[in-house]
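First up is the structure itself, then whatever we jot down about it.
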Amino acid sequence: MSSALPELFWFVSREYGGIAEAGGVKSVVRALCEELAKRGCRVTALVPLYAFADRSAVENYRAPAETYPVQVGDKTYPVSFASGAFHGVEIVFVAHELFRSRRAVYTYTAE
């Protein structure tokens with residue numbers, strides 16, 4: 001069995017340290033992504049584009065452009081994507097009104 005790492009990793013997370021923070025998941029995801037990037041792997045993290053997301057340290061930020069229909073069950077949602085780099089990791093932000101309306105990662109109340 002080879003001990004070599006795959007060349008490409010994709011992470012999907014509701015949290016990412018320094019961008020969208022809530023609990024401990026943010027630290028784990030960021031640490032894994034950055035360590036793999038340091039080892040020469042191409043790493044991409046998909047993160048919701050929350051209204052409160054801190055994009056100030058994201059380099060080469062490209063705002064959402066074209067919208068794509070994404071089907072989940074029997075519903076179709078208009079989704080667009082933004083992107084940039086954060087400490088050697090490509091960040092792809094998933095943009096949808098559901099995320100833009102949130103004031104915190106895990107908010108489930110009517111407010």
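Since every read-out is calculated from the coordinates, none of them should be taken as a lab result. Just so you know, these numbers come straight off a predicted model, no measurement behind them. Using ideal geometry, Cβ is built from the backbone for each residue, glycine included, and neighbour counts are taken over all protein chains shown.
Only Lys, Arg, Asp and Glu carry charge here, each on its Cβ (+1 for the first two, -1 for the last two); on that basis segment 8-100 has a dipole of about 140 debye about its Cα centre.
Alpha-carbon geometry of the chain: the Rg and the Dmax are 15.0, 52 Å, given in that order. So between Arg42 and Ala4, what do we pick up on full extension, going 0.36 nm a residue minus the alpha carbon distance? Contour length minus the Cα-Cα distance gives 12.3 nm. Between Ala63 and Glu35, the contour length at 0.36 nm per residue exceeds the alpha carbon distance by 7.4 nm. Looking at segment 8-100 alone, DSSP beta bridges between its own residues are antiparallel in about 60 percent of cases. When the chain is treated as a Gaussian network with alpha carbon springs shorter than 10 Å, the biggest mean-square fluctuation among Arg55, Arg30, Arg39 belongs to Arg39. Ordering Gly73, Val25, Ala37 by the projection of their Cα atoms onto the charge dipole of segment 8-100, which places +1 on the Cβ of Lys and Arg and -1 on the Cβ of Asp and Glu, puts Ala37 at the extreme positive end. Please give the helix 25-38 orientation as an angle from the longest Cα principal axis of the chain, in degrees from 0 to 90, rounded to the nearest 10. With rounding to tens, the tilt is 40 degrees.
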